[in-house]
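For reference, the structure is listed below as C-alpha cells.
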Amino acid sequence: MKNRQISKKGLKVYGFEFMDGKGRGCLERLRPNGRRRYPLDDEVNIMIYTSQGTLNVVTSAGFMFDGRSGPKIVDWYAPNLGTIEEIICWLVHDCNGYGLDLSFEDTNVLLFAMLCDLAHYRTSKASVIQLAVSLSKSWYGEPKEGDWCRANVNRVKTLWMPKTEVA
C-alpha cells in the first residue's frame, strides 16, 4: 500500500491546465453514448494544481474511459460526462485508478476536492460520490484479464508531485 500523501483536511484544487493543444478538444468532442465507453482520439496531458501538490496525467490516443462510473439511473444526480470540469474529474479519477502513483484513498480524496473546487459540487453531493467510489475498491489497480479497460494499462501515466516545505 502506498503512503498517504494527500490529506482531505485543507485540500484545495486551484485549477487545471492542458499541457498540449489537443487535450481539451479531445475531451470536448466526447458525446454520451449507450455503451458508456469513450475512446480518446488524441493524447491528453493535463496538470491538476492543488494546495498539497500537482498531479500530471497523460493518456495516449486510444485510452478508453467510462465517464462517471456507475449505472445510468444516477445520471440525474451526476452526469456520465457533463461539463469539461466534470469530465476532467471523472478522467483523472479513472487514470489514478490504475494505481500508478496515488493510493486508493488518496485517489478518492482528490476526486472529492476536484468535484467541489473544479465542478462546483456541493460538499454533500461530492461526499455521496466519494462514499460510492470508496465502496468499490475492486476497480483499483491493474485490471484483470478480460476487463474492458485492460488495454488502458499501457496508455496512461500519472505523476503526483507533493509540495515540499522550504526551510
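The values are calculated or read from the model by the stated rules, or taken from the named source; none is laboratory data. What you see is a predicted model; the values in this text were computed from it and never measured. Because the Cβ atoms are built from the backbone with ideal geometry, glycine has one as well, and the counts that use them run over all protein chains shown. Remember, those area values only see protein heavy atoms, side chains included, never the ligands or the DNA or RNA. Shrake-Rupley method; radii C 1.70, N 1.55, O 1.52, S 1.80 Å.
A compact table of results
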quantity	calculated
Conditions (1) among the basic types (Lys, Arg); (2) closer than 21 Å to Ser103 by Cβ; (3) touching a helix residue (DSSP H, G or I) at 6+ places or on another chain (Cβ under 9 Å): number failed by Lys163	(3)
Tally, over segment 29-43, of residues that are under 19 Å from Ala78 (Cβ atoms) and either touching a helix residue (DSSP H, G or I) at 6+ places or on another chain (Cβ under 8 Å) or surrounded by 15 or more Cβ atoms within 10 Å (Cβ to Cβ) (or both)	3
Selection from segment 91-103 of residues that are assigned to a helix (DSSP H, G or I) and either without any contact (Cβ under 8 Å) to a residue 12 or more places away in the chain or open to solvent by less than 10 Å² (accessible area, probe 1.4 Å) (or both)	Leu91, Val92, Cys95, Asn96
Yes/no for Glu85 being at pLDDT below 95 and either of a type in the set (Asp, Glu) or closer than 22 Å to Tyr38 by Cβ (or both)	no
Qualifying residue in segment 104-119 (condition: modelled with pLDDT of 85 or more, open to solvent by 60 Å² or more (accessible area, probe 1.4 Å) and over 21 Å from Tyr38 (Cβ atoms))	yes
Lone unmet requirement of (1) open to solvent by less than 60 Å² (accessible area, probe 1.4 Å); (2) of a type outside the set (Ser, Thr, Tyr); (3) over 13 Å from the mean Cα position of the chain (by Cα) for Leu131	(1)
Residues satisfying the stated conditions in segment 53-63, i.e. surrounded by fewer than 21 Cβ atoms within 10 Å (Cβ to Cβ) and either in contact with an Asp or Glu (Cβ under 9 Å, 6 or more places away or on another chain) or at negative phi (or both)	Thr54, Asn56, Val58, Ser60, Ala61, Gly62
Candidates Tyr121, Tyr77, filtered to the one that is among the aromatic types (Phe, Trp, Tyr), touching a helix residue (DSSP H, G or I) at 6+ places or on another chain (Cβ under 9 Å), more than 22 Å from Lys12 (Cα to Cα) and part of a loop (DSSP other than H, G, I, E, B)	Tyr77
Filter result (assigned to a loop (DSSP other than H, G, I, E, B) and touching a strand residue (DSSP E or B) at 6+ places or on another chain (Cβ under 9 Å)) within segment 124-155	Trp148, Cys149
Exclusive hit being over 14 Å from the mean Cα position of the chain (by Cα), among the β-branched types (Val, Ile, Thr) and surrounded by 19 or more Cβ atoms within 10 Å (Cβ to Cβ), set Ile6, Ile88, Ile46	Ile6
Failed item, numbered, when Arg24 is tested on (1) open to solvent by less than 50 Å² (accessible area, probe 1.4 Å); (2) in contact with a Phe, Trp or Tyr (Cβ under 6 Å, 6 or more places away or on another chain)	(1)
